[in-house]
Each structure stands twice: as C-alpha cells, then as structure tokens.
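The structure appears below as structure tokens.
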Amino acid sequence: MIDENEKKLLNELNEIRFLESENEDEDEIQEKIERYEDIVFKLSKIKKVEIIPYLCDIAEDRATESSSVEYLIKMIIKISENDIAEGIKCIIKGTVSMIPKAYYKALLLHTLIIKDNDLRDNYITSLQNSTEEEKTISKM
C-alpha cells in the first residue's frame, strides 16, 4: 500500500517531469533535475512494487532530460527485483499507460528486461498470463 508521503513524492515527480519551462533559467532547470533524481532515488529506497505503475505513468518521451527518464526506468527495474514476479506484473500493467506518451521509454524498459537473465523468464511467463491489452507491449 502506498502511504501519503509516497503519494506526495509521486505527485511532485509528476509535476516536475518536463523539467523546464520558458520562464526558468539554467540554474532553476538544474535544480529541478536534481530534485527529480532525488525523488526517484527516495522512491527506489522504499522498494514497494506497488509504485511501479505510478512511475511508468510519469515517464514521457518528450521529457527534456532523457537521462533522468532513463534513471527512472532503471529504478523501476531495481524496485521490481524486490519481488520479481509481482514487479514484472506491475511493469507490464504500467506499460499500458506508458505507450501513448512514452512509447520509446516503454520499448527501452522492456528491452532492458529481456536482456536481463534474472528477469527474462518471469517477464515471458507474466506476459503470457496477461490481458490482451497488456500483451500489446510484445508487439512493439
């Protein structure tokens, strides 16, 4: 179960995910990038697989700082390792919301999982047991 503090962090992460606006200078943008990465790090320390779909929902292909989104993806994989079977299910479920706005990040996420010897078999089993909508990721 996600507690209020975790929800607050997820909401803040969602608000700053694009990392820049026309009215901000370089220092303000850098501060946002650091805050984004700090929040992702804090969430990764919580190690709850339940946050994975929320993290997937935050990912955007048009995010300004792609290295920050890649860091987010690596943290999703790291969190999933705490309960591999459930974590993979959460990733597959979360990908459904990623595809419309973060297709390339979803593709990267699933490519990293397939390349990981420890995650691949669980991924294939979970994908076989998923809904038709969730199976769309296998067609990417």
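Filter the cross-link list LYS78/LYS105; LYS115/LYS139; LYS7/LYS42; LYS78/LYS139; LYS8/LYS89 down to pairs whose alpha-carbon distance in this structure exceeds 21 Å.
Beyond 21 Å: LYS78/LYS139; LYS8/LYS89.
Normalised by the number of residues in the chain, the average gap of Cα pairs under 8 Å and 6 or more apart makes the relative contact order 23 percent.
Here's the picture: charge each Lys and Arg Cβ at +1 and each Asp and Glu Cβ at -1 in the stretch 4-139, and of THR136, LEU13, VAL49 the one pushed furthest to the positive end of that dipole is THR136.
Here the extension length gained between LYS8 and THR136 equals 43.0 nm, from 0.36 nm per residue of separation less the Cα-Cα distance.
A simple charge model with +1 on the Cβ of Lys and Arg, -1 on the Cβ of Asp and Glu and nothing else charged puts the dipole of the chain at about 860 debye relative to its Cα centre.
Here, each number is a calculation from the coordinates, and none is a lab measurement. The structure displayed is predicted, hence computed values, not measured ones. Positions of Cβ are generated from backbone atoms using ideal geometry, with glycine treated the same way; all protein chains shown enter the neighbour counts.
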